[in-house]
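Student: First the structure, which I've put down as structure tokens, then a few questions once you've had a look.
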Number of protein chains: 6
Amino acid sequence: MTKRKAPAESSVEENVYKVFPNDLNSEYTVFGGLVMGLCDRTALIVAERHSGHTCVTAAVDSLNFLSPARAGETLIVKAAVNRSWRSSMEIGVHVAAENSHSGESRHVVSAYLTFVALDERGKPTSVPEVMPRSKTEKRRFEEAQSRRDQRLANRSPG
Amino acid sequence: MTKRKAPAESSVEENVYKVFPNDLNSEYTVFGGLVMGLCDRTALIVAERHSGHTCVTAAVDSLNFLSPARAGETLIVKAAVNRSWRSSMEIGVHVAAENSHSGESRHVVSAYLTFVALDERGKPTSVPEVMPRSKTEKRRFEEAQSRRDQRLANRSPG
Amino acid sequence: MTKRKAPAESSVEENVYKVFPNDLNSEYTVFGGLVMGLCDRTALIVAERHSGHTCVTAAVDSLNFLSPARAGETLIVKAAVNRSWRSSMEIGVHVAAENSHSGESRHVVSAYLTFVALDERGKPTSVPEVMPRSKTEKRRFEEAQSRRDQRLANRSPG
Amino acid sequence: MTKRKAPAESSVEENVYKVFPNDLNSEYTVFGGLVMGLCDRTALIVAERHSGHTCVTAAVDSLNFLSPARAGETLIVKAAVNRSWRSSMEIGVHVAAENSHSGESRHVVSAYLTFVALDERGKPTSVPEVMPRSKTEKRRFEEAQSRRDQRLANRSPG
Amino acid sequence: MTKRKAPAESSVEENVYKVFPNDLNSEYTVFGGLVMGLCDRTALIVAERHSGHTCVTAAVDSLNFLSPARAGETLIVKAAVNRSWRSSMEIGVHVAAENSHSGESRHVVSAYLTFVALDERGKPTSVPEVMPRSKTEKRRFEEAQSRRDQRLANRSPG
Amino acid sequence: MTKRKAPAESSVEENVYKVFPNDLNSEYTVFGGLVMGLCDRTALIVAERHSGHTCVTAAVDSLNFLSPARAGETLIVKAAVNRSWRSSMEIGVHVAAENSHSGESRHVVSAYLTFVALDERGKPTSVPEVMPRSKTEKRRFEEAQSRRDQRLANRSPG
């Protein structure tokens, strides 16, 4: 599968999740692991849409909590593919916490995850190139390569 | 709060949910209760966006399973307000099951839920009128009233 | 399988569920989706007992929240088959919230769900007729047909 | 609260739970911890009904798995108070696995749990005596005292 | 498999679990069923390590709550095999609640569970003998036999 | 709180988690989000032990899946503090998948997470310095600073 695809063909524009009390940690803010799971599940859908294949998470390259989310807020998750390599893709995820009453929202999490596409036998398989169109998409496309170069340089024994 | 709002101001366009094995019933199709919960959580966000208030589910007026969803598929949930009355709103929900590899999807569930908006003391409070714009929105606006009339006529002892 | 069965042969008389904090929505009342799931799971057992077959949820025809349930209360769920047609059955569900300390309880939810019985290949299969005996069972038997007639008349494009 | 109560005044006759794939352990039989939780939640309701107070689990005195339960089966949980002491009660729990299609069931778990009743300040408070009526209730009443005597004799450093 | 193994070869020294709000019962202490599940899951690992086989829970012989655990505390679970018989093993479990800020902890639960080892066809299979070494291990080895003798003597109709 | 503490004073040596079917993704390997949650919960305990304060996740700096984990395996999670700065700490996490029958295990995940310590009013508060002792601890201490420098250099608009 060698065709090129734009990020908009596979992006998730608005995955919503209303925070309930059972999503809270002992500080009564949203449990970090819940947000991580939400980012992973949303990014996975983008990876499968872009590649046309089953995908598995290879890495969370970074995931930053900018602000805590609280009970009663609505998490709004957006995700898009930034760049692909032979069989892997970087997916960028943006999470906002919305007060659905007032409509106000703030950025709470930014994350970059890498997924690998698998063929029917579970082996890595090639994925379409990403064809960035907008200025933002082009910047993300360039930055994804820098992040990847840095990751490869950083591989170190645990 | 008496202003009128269009359905597009509060709709959820694409809530996505990747089906995992732990979402399956003993027939290995998606557990009905999971889909109901997903419809309820998504519709709740629309109700809170439209009303600007905390809302609670008053009724599931109908929820039809047109086709089973399966592991590996992605549920795509869309929800919009159809009509409002003094303190209540009917929210329509449409669920599709997408094969994220091929991009194909099929309609799996249609549901209508009624929510009530509450003020700070937990009492019903008035909500904005719905101002339908498109032809589809206008049809839904009319049908919502018929459904409501029927519901009121049907109230019977359990 | 053509024999007729009375509702009492398949009913669930007292499914109990103690409400815990992780069952609550952001208003600290029981999450609507939890109650829906509880109704679905209980009604499913009735449908399988009546039909002698694997069953799947076809529809929630209505589910009304009469009063919110709260943490610490016990949900008492009763379910019985009201009527059957060729391969489908209407199950009525009644949920009460009990204060287990005082023994007081109040009706919180009424629901009607439709299930379809499936044979080994997953195709709809015929189910026993319902043979109502008590006055209440006879009333429910009649009302179930009216609800079905109305549903069939109401089928409309989403 | 010194009045005496019969076991039938607080018993749970039929708590039902349809086993789903996400309740299974790696051998695809029902996860032991799920059954334990189900016994605990059901017995708790009996303890609160008998005592008229908030109760907490003090001990699982024994819980025996006689046979594994499997996906697709329905767990039928019955629980009743066997005997009470100053502020504690022994609750007996019986779990059967029913094939809801054929109506066959087999006994899968027997358990005895002890609960303590608490007053508003969280201190142990007295509970009604148990007044056994049937022959079975009388046998359970006697056996409960033997189990308690044995437990008190067995208390040993971990 | 006839070789003898010391408890230290299969023990779990420190399984940790941070208590979150969704683990609480309606008294805002840790739900008994959660602790039971945690004991069961930890003991299972010890049983599989000791036997080299798939194991299933046969019984909770006793599980005593000495003190409630609360939100924000960390549960520290230790488990070791006390003694084995032909195809079964008694696993002892000790749970402490740690205040991770101050480092203080207190003993909250003691439990004894019996597991059975299964071969590939799901039939009970023989397990290595336990070779106690320390004084504590020897005491537990002796007490396990007494508990077993008592259990066998106690088997009674539910 | 200015005293220095060695990593061994707060490390978690063996957090165990038996993988069950409901932890699997649609490829029947362990759901990435579950592993992330397990890393987060384990690292949180280390952060609270090291700092003596409530901590919240600030970032997942990297989390690499080296190999998938499967149903029936046991996840063994180890975590230790690598370095601290004014109010933040880097925690390293190592996850292995053990076949508890054979005792074999393989490294499946490496992760670095940053936590911030909070005082009673929820404001960042100072934490003890990390005093590395072993050669490995010293290497991790140095690498943690490099990772931090890189992170600070990389902060870019989403």
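The values are calculated or read from the model by the stated rules, or taken from the named source; none is laboratory data. Keep in mind that this is a model prediction, so the values were computed, not measured. In this analysis, Cβ positions are derived from the backbone assuming ideal geometry, glycine residues included, and neighbour counts consider all displayed protein chains. Side chains included, ligands, DNA and RNA excluded: accessible areas come from the protein's heavy atoms. Shrake-Rupley method; radii C 1.70, N 1.55, O 1.52, S 1.80 Å.
Student: Checking E:LYS5 against (1) more than 10 Å from chain D (Cβ to nearest Cβ); (2) surrounded by fewer than 21 Cβ atoms within 10 Å (Cβ to Cβ); (3) out of contact with any helix residue (DSSP H, G or I) (no Cβ under 9 Å at 6 or more places or on another chain); (4) over 23 Å from F:LEU38 (Cα atoms), which test does it fail?
Tutor: Of everything listed in (1) more than 10 Å from chain D (Cβ to nearest Cβ); (2) surrounded by fewer than 21 Cβ atoms within 10 Å (Cβ to Cβ); (3) out of contact with any helix residue (DSSP H, G or I) (no Cβ under 9 Å at 6 or more places or on another chain); (4) over 23 Å from F:LEU38 (Cα atoms), E:LYS5 misses just condition (3).
Student: If you don't mind, another one. Confirm whether A:ALA43 is touching a residue at least 24 places away in the same chain (Cβ under 8 Å), under 22 Å from A:VAL16 (Cα atoms) and touching a Pro at 6+ places or on another chain (Cβ under 8 Å).
Tutor: When the stated conditions are applied, A:ALA43 does not pass them.
Student: Further question: Aliphatic (A, V, I, L, M) and surrounded by fewer than 24 Cβ atoms within 10 Å (Cβ to Cβ) - does that describe any residue in region D:47-54?
Tutor: no
Student: OK, next. Inside region D:25-38, can you point out the residues that are assigned to a helix (DSSP H, G or I) and either open to solvent by 20 Å² or more (accessible area, probe 1.4 Å) or facing chain E (nearest Cβ under 8 Å) (or both)?
Tutor: D:GLY32, D:GLY33, D:LEU34, D:MET36, D:GLY37, D:LEU38 - these are the residues of region D:25-38 that are assigned to a helix (DSSP H, G or I) and either open to solvent by 20 Å² or more (accessible area, probe 1.4 Å) or facing chain E (nearest Cβ under 8 Å) (or both).
Student: For region B:77-86, what are the residues that are of a type in the set (Gly, Ala, Ser) and either away from chain C (no Cβ under 14 Å) or over 26 Å from C:ALA69 (Cβ atoms) (or both)?
Tutor: Residues satisfying the conditions are B:ALA80, B:SER84.
Student: Let me ask something else about it. Give region A:117-139 a look and list any residue that's in contact (Cβ under 8 Å) with a residue 12 or more places away in the chain and either charged (D, E, K, R) or closer than 24 Å to F:ASN154 by Cα (or both), or say none.
Tutor: Scanning region A:117-139 gives A:ASP119, A:GLU129, A:VAL130, A:MET131, A:PRO132, A:ARG133, A:GLU137.
Student: Residues in region A:101-125 that are open to solvent by less than 40 Å² (accessible area, probe 1.4 Å) and touching a helix residue (DSSP H, G or I) at 6+ places or on another chain (Cβ under 7 Å): how many?
Tutor: Within region A:101-125, residues that are open to solvent by less than 40 Å² (accessible area, probe 1.4 Å) and touching a helix residue (DSSP H, G or I) at 6+ places or on another chain (Cβ under 7 Å) number 6.
Student: Let me ask another. Those residues that are surrounded by fewer than 19 Cβ atoms within 10 Å (Cβ to Cβ) and facing another protein chain (nearest Cβ under 7 Å), I need them from region F:8-19; list them, please.
Tutor: F:GLU13, F:GLU14
Student: Also, quick follow-up: Condition first: in contact with a helix residue (DSSP H, G or I) (Cβ under 9 Å, 6 or more places away or on another chain) and assigned to a strand (DSSP E or B). Now tell me which residues in region D:8-24 satisfy that.
Tutor: If the condition is that a residue be in contact with a helix residue (DSSP H, G or I) (Cβ under 9 Å, 6 or more places away or on another chain) and assigned to a strand (DSSP E or B), then D:VAL12, D:ASN15, D:VAL16, D:TYR17, D:LYS18, D:LEU24 are the ones that fit.
Student: When only residues in region F:56-96 that are closer than 30 Å to E:GLU48 by Cα and without any contact (Cβ under 8 Å) to a residue 40 or more places away in the chain count, which is farthest from the chain's Cα centre (by Cα)?
Tutor: Ranking the candidates gives F:ALA96 first.
Student: If you don't mind, another one. Check E:GLU98 against each of (1) crowded, with 24+ Cβ neighbours inside 10 Å; (2) more than 12 Å from chain D (Cβ to nearest Cβ); (3) over 19 Å from D:ALA58 (Cα atoms) and name the one condition it does not meet.
Tutor: Here E:GLU98 clears every test but (1).
Student: While we're looking at this one, here's another question. Out of the residues in region E:126-150 meeting the condition of being modelled with pLDDT of 95 or more and of a type in the set (S, T, N, Q), tell me which one is surrounded by the fewest Cβ atoms within 10 Å (Cβ to Cβ).
Tutor: Checking each candidate, the answer is E:SER134.
Student: Would you check which residues across region A:57-76 are in contact with an Asp or Glu (Cβ under 8 Å, 6 or more places away or on another chain) and away from chain F (no Cβ under 11 Å) and list them?
Tutor: Correct list: A:ALA71, A:GLU73, A:THR74, A:LEU75, A:ILE76.
Student: Based on this model, can you work out whether E:VAL93 counts as within 14 Å of chain F (Cβ to nearest Cβ), β-branched (Val, Ile, Thr) and open to solvent by less than 70 Å² (accessible area, probe 1.4 Å)?
Tutor: Taking the combined requirement at face value, the residue satisfies it.
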